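Undergrad: Sharing a structure, written as structure tokens. Questions coming.
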Amino acid sequence: MPFLTKYCVVCGKRLQIRLDENQNILSGGHYFGKMEVPAKDAKIIKSWKDKIGGFEYWECEECYTGDR
Ligand SMILES: [Zn+2]
């Protein structure tokens, strides 16, 4: 299975997302859908948006579970 590379919106960590054949996330991060406007850290978001041409909201395991 190929990996997708995404970035955690909260801490900026690179995520290696593993999908099954039905595009379900097996491991690597938590996906919340596409977002129009970021609530915070807008500079970081903008640079990603320029780079990848869109913005998807991902969080890593640590941020998702609230360890920050
Ligand atoms: Zn994170």
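Undergrad: Name the residues in segment 14-26 that are basic (Lys, Arg) and under 9 Å from the mean Cα position of the chain (by Cα), would you?
TA: Result: Arg14, single match.
Undergrad: Any residue in segment 33-54 that is modelled with pLDDT of 90 or more and either within 12 Å of the ligand (Cβ to nearest atom) or assigned to a loop (DSSP other than H, G, I, E, B) (or both)?
TA: Looking for residues that are modelled with pLDDT of 90 or more and either within 12 Å of the ligand (Cβ to nearest atom) or assigned to a loop (DSSP other than H, G, I, E, B) (or both), one finds none in segment 33-54, hence no.
Undergrad: What are the residues in segment 13-32 that are surrounded by 13 or more Cβ atoms within 10 Å (Cβ to Cβ), of a type outside the set (D, E, K, R) and in a loop (DSSP other than H, G, I, E, B), if any?
TA: Gly28, Gly29
The values are calculated or read from the model by the stated rules, or taken from the named source; none is laboratory data. Computed from a predicted structure; not experimentally measured. All Cβ positions, glycine included, derive from the backbone under ideal geometry; neighbour counts span all protein chains shown.
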